[in-house]
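These notes are about the structure you will find just below.
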Amino acid sequence: MKRYRLFPNVIFIVLIGLFVSCNGDKKKVEEAKAVENLPPDIIELRDDQIALAKIETGTIELRSLSGNLKVNGSVGVSPENLATVCMPFGGFVKSTTLMPGNQVTKGQTLAILENQEFVDIQQNYLDARSKLEFAEAEYTRHTELYKEDVYSQQNLQKVTSEYMSLKAQVKAYEQKLAMIGINPVTMHEDDITRSVAVLSPISGFVKTVNINVGKYVAPTDVLFEIVNSDKLYLELTLFEKDADKVAAGQKIRFFINNETEQHEAVIYQTGRSVGSDKTYKVYATVSGTCRNLLPGMYVNAIIEATTSQVTALPSEAIVSFDDKDYIFIFEKNKEESGRQFTEYKMVEVSKGVTDVGFTEVRLPAGFDMKTAKVVIKGAYNLLSAKKNAGEMSC
């Protein structure tokens, strides 16, 4: 009888064990369900947390924004305003009084040079010119005689050849004299000189002086460098992403040597290619006369950039995280365990110009700006919830 009494008890214990085991498994499933693993770009908040974070949503707008680009560059001078002075036939420096920084005008004497070759050129020119006068008279006389059948064609050809040869020599010497600054038209036998003046080809200031009295200079030596500082330009360097923000006619404000004095320029040309360092050149003409502005100086410039209509958001809607820029968009509402939750998704964007509290945003491919609800207030609170998981999260 005891055996039969134990059997029901054993069955009861087994059933209790199974019931407890099932309940335990169910509890584990419910606990596992309660712990939800969200994607890294999703932030989940309760309604009370949303109110505490003062989150508001809005839409992306199309706005005409203008912004300022801060760029660097240097002062340059155009080729026609930078002169390198040489003497084609060289010579010894007889005199000069110029120092770097001196102002000079076009046609002003910079130095006096002496050279025996100057004398030879003038002598040869006067000899050739004298012979040319005789040859020209002979050519005219023989031409008339040939027409009257008094002179042979062979003799006329000989006289013509000598005349044309002397004429070419005279023209060549005239060009050589002009190169050293001597006017051949007004030159006479009593005007032969061993000295010639080196004249300034432009007005400006003397940048470099490479001579002194008594020094011999070769035809290839640079005697002076002269710069016309009244017509300077800026060469500015932009990143390629900003190339579409500048155009000819835009105004520039720039500063030199950390001075507070502001100078102005106007863009006259933009680059036509991007360099290997992904930079883009812009050229601007300096407006007016700027005191202390010299070629080669480093400048800090601000370009008053303008854009057409762009996608824009309030600046506070864009947050920075790990050196990238993001916005938050409404993802969905959901209910868990009888409680209401809202999910927000982080979306990476690129920023453009900023103006009057709005910032241009470049959206990722496939982004539907018409339907997206973007967090325009409280974005940094959402970012804090992501950084400090647990403070505001569920």
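Some points to look at:
- Elements of type strands (runs of 3 or more DSSP E) contained in region 244-297, each with 2 or more residues being touching a residue at least 12 places away in the same chain (Cβ under 8 Å) and among the hydroxyl-bearing types (Ser, Thr, Tyr): 263-274, 279-286
- The residue that is farthest from Val353 (Cα to Cα), counting only those in region 262-296 that are of a type in the set (D, E, K, R) and exposed (fewer than 11 other Cβ atoms within 10 Å of the Cβ), is Arg291.
- Conditions (1) surrounded by 17 or more Cβ atoms within 10 Å (Cβ to Cβ); (2) in a strand (DSSP E or B); (3) touching a residue at least 60 places away in the same chain (Cβ under 8 Å); (4) not aromatic (Phe, Trp, Tyr): number failed by Ser229: (2)
- Scanning region 45-75 for residues that are touching a Gly at 6+ places or on another chain (Cβ under 8 Å) and either surrounded by fewer than 18 Cβ atoms within 10 Å (Cβ to Cβ) or in a strand (DSSP E or B) (or both) turns up Lys54, Glu56, Leu65, Gly67, Ser74, Val75.
- Whether a residue is part of a loop (DSSP other than H, G, I, E, B) and either assigned by TED's automatic domain parsing to the domain that holds Ser276 or out of contact with any Ser or Thr (no Cβ under 6 Å at 6 or more places or on another chain) (or both) was assessed, and Thr220 passes this test.
- Residues that are closer than 18 Å to Val353 by Cβ, modelled with pLDDT under 85 and of a type in the set (Lys, Arg) do not occur anywhere in region 251-258.
- Matching residues, region 336-358, being modelled with pLDDT under 90 and either among the charged types (D, E, K, R) or under 17 Å from Leu313 (Cα atoms) (or both): Glu336, Arg339, Lys351, Gly352, Val353, Thr354, Asp355, Val356, Gly357, Phe358
The values are calculated or read from the model by the stated rules, or taken from the named source; none is laboratory data. Nothing here was measured: the structure is a model prediction, and the numbers come from that model. Heads up, the Cβs are rebuilt from the backbone with ideal geometry, glycines too, and the neighbour counts pull from every protein chain shown.
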